[in-house]
Amino acid sequence: MRDQSRRAFLGALGAALPAGALAAGSDDADLVVHNANIYTLDPAMPRAQAFAVRAGRFVAVGSNEDIRPRIARRTQAYDAKGMTITPGFIDCHNHAGGEMLLYEVAVGNPFQVEFVTIASIVDKLRAKAKTLPPDTWVEGYFYDDTKVKDGRLLNAQDLDRVSTEHPVRVEHRGGHTAFYNSKALALAGVTKTTRNPPGGTFDRGQDGELNGRVTDRANDVFEKVGKFQAFSPAERAQRARAGVAHISKMFAAYGLTSVHHEGGDLAAIQDVRARGDLKHRVSYEAYPDVLEAMIKTGMKTGFGDEWIKLGATAEHVVDGSFSERTMALSKPYPGVSPPYFGNITETQDVLDAWVERVHRAGIDINCHANGDVAIGSVLTALERAQKLHPRPDARPKITHCTVVNDDLVRRIKAANVVPACFTSYAYYNTDKFHFYGQDLMQHAMAFRSFLDAGVPVAAGSDFQPGPFAPLMGIQGMVTRTGWNGETWGARQRITVAEALRINSLNGAYASHEEDIKGSITTGKLADFVVLAEDLHTVAHDKIKDIQIVRTVTGGTTMFQA
């Protein structure tokens, strides 16, 4: 479409009246969009040219001729000039780290493939160390071990160059491994003779010496040593609000209208909404403190409104990481000696008890499980809980649910589990898949297998570990080809139409909201995205580059290109 036409559409839509601007009782629309290329995701009317919005909901969807009578004197009417419109994108697993983006040291690119150097990491952290008193933690985030020009892992000696007076930690963006300097190891009392705890490791080099890499549960010991920057309650609240507002703007810019938040400051989210700066809908997934309050007060999944609603639990971690090569597998990792099967971080009896208690409370379960061993363990706990306390409406979620087989898929279907699988990984992380090999990757991020079995699989970017751009995710799901041109697990490819459904309507299903959002359907919330090109007809390797022209939530424009 010509830029002039696009600008004309944007200018018109930018002047839209807020939802509900018409007099009560009127059937006239607040907004009519026509001459559009609309993919509704509604099987009763898969395609449309126009729709009308009133009071934040779609009140009519159809052809230009169908909708034109809805235009009244006060209606804002817009000619889309053939641009593509889809339902707003829904991300079912996101850590929503706005504070991290605003206030912490990012040693890698959070959003795109970009290679950095170890020297640049050291320089950034050294600059941070100069602002902090001795013994205070210096931390870096968004490190990606396969996006480093040096072609090797970060190690303790590298981080000793940052400071010998501060404990230094660099977290892998995957969230399950971290790299420490000698000061941090000493403060934690970790030596080369320290035994690995259950569910984690203190890694060593070929010489038997600690190399600074620590995985999963072994990181817990470092939380008890060193000093952390201190902030007053008012400062913490301000930072939390700023973080929520910042990430909300970013979500809108990428076309996201609903996001499942892994915890976060619930009060800050409400404050940002109250001042009008919340641009996306939140399914809030509670960590233990809020979860305990929910159980004690009888609040269940679904409590809230269309903007902020209590969802499933935050991910209850059962194994390690896919990207960091610590997930729990039934077969040993290729080429690793002695044989390594990954980390299980929760015993079956403990998991069974936790799942049963939360399930009985009417709260949907959400467990992090990457490897086939961990997925099987979660299913065992879910099957047990459902047998003890049947809940027909339960929609438990397995976050990541990465490596499956036919029997696991059958059990997932039978238990009405919603897998929230990695999306952007198929494009962003192909430089890691050689660690697993083509055979395993044919069963990883198994969108094709899930869809063929009738499983309502959803999209879970897992930001910060992966970029949250839905179009990057859709491209990877369709092509299984990454930034480096490598294709892994081609048998799990799906169509553009299927990927769009996973990133919208299936996401609504995951939070019991398929009746109010996820498709462009009369009566549903008017959440939609305007795209400069049609993702169904553009070359598949260009999907991620399609411009987000406009993001609209509840009939209100939240982002304009």
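The values are calculated or read from the model by the stated rules, or taken from the named source; none is laboratory data. In this text the structure is predicted, and so the values were computed from the model without any measurement. Note that each Cβ is placed from the backbone with ideal geometry, even for glycine, and that neighbours are counted across all protein chains shown.
Here are a few things to note about the model shown:
- Of all residues in region 260-281 being of a type outside the set (K, R), closer than 17 Å to F463 by Cβ and out of contact with any helix residue (DSSP H, G or I) (no Cβ under 6 Å at 6 or more places or on another chain), the one that is surrounded by the fewest Cβ atoms within 10 Å (Cβ to Cβ): G263
- Among the residues of this structure, I344 does not count as one that is hydrophobic (A, V, I, L, M, F, W, C), surrounded by 19 or more Cβ atoms within 10 Å (Cβ to Cβ), within 21 Å of L310 (Cα to Cα) and in contact (Cβ under 8 Å) with a residue 24 or more places away in the chain.
- Only one of the numbered conditions (1) closer than 25 Å to T399 by Cα; (2) in contact with a Phe, Trp or Tyr (Cβ under 8 Å, 6 or more places away or on another chain) is not met by E513, and that is (2).
- Scanning region 10-56 for residues that are surrounded by 14 or more Cβ atoms within 10 Å (Cβ to Cβ), at pLDDT 95 or above and not in a strand (DSSP E or B) yields a total of 11.
- From the options A499, A510, A526, residue that is touching a Cys at 6+ places or on another chain (Cβ under 7 Å), in contact (Cβ under 8 Å) with a residue 12 or more places away in the chain and either crowded, with 18+ Cβ neighbours inside 10 Å or more than 30 Å from W307 (Cα to Cα) (or both): A510
- Which numbered condition M477 fails, given (1) part of a loop (DSSP other than H, G, I, E, B); (2) under 11 Å from Y425 (Cα atoms); (3) not aromatic (F, W, Y): (1)
- For region 507-530, the set of residues classified as charged (D, E, K, R) and within 22 Å of A36 (Cβ to Cβ) consists of K517, K524, D527, listed by residue number.
- Condition met for F463 (among the aromatic types (F, W, Y), under 23 Å from H260 (Cβ atoms), in contact with a helix residue (DSSP H, G or I) (Cβ under 7 Å, 6 or more places away or on another chain) and crowded, with 24+ Cβ neighbours inside 10 Å): no
- Region 288-345, subset out of contact with any helix residue (DSSP H, G or I) (no Cβ under 9 Å at 6 or more places or on another chain) and charged (D, E, K, R), residue nearest to G437 (Cα to Cα): E315
- Qualifying position, being in contact with a helix residue (DSSP H, G or I) (Cβ under 7 Å, 6 or more places away or on another chain) and either aromatic (F, W, Y) or outside any loop (DSSP other than H, G, I, E, B) (or both), among E514, E498: E498
- Filter pass, T301 being buried (at least 23 other Cβ atoms within 10 Å of the Cβ) and either at pLDDT 95 or above or within 20 Å of the chain's Cα centre (by Cα) (or both): yes
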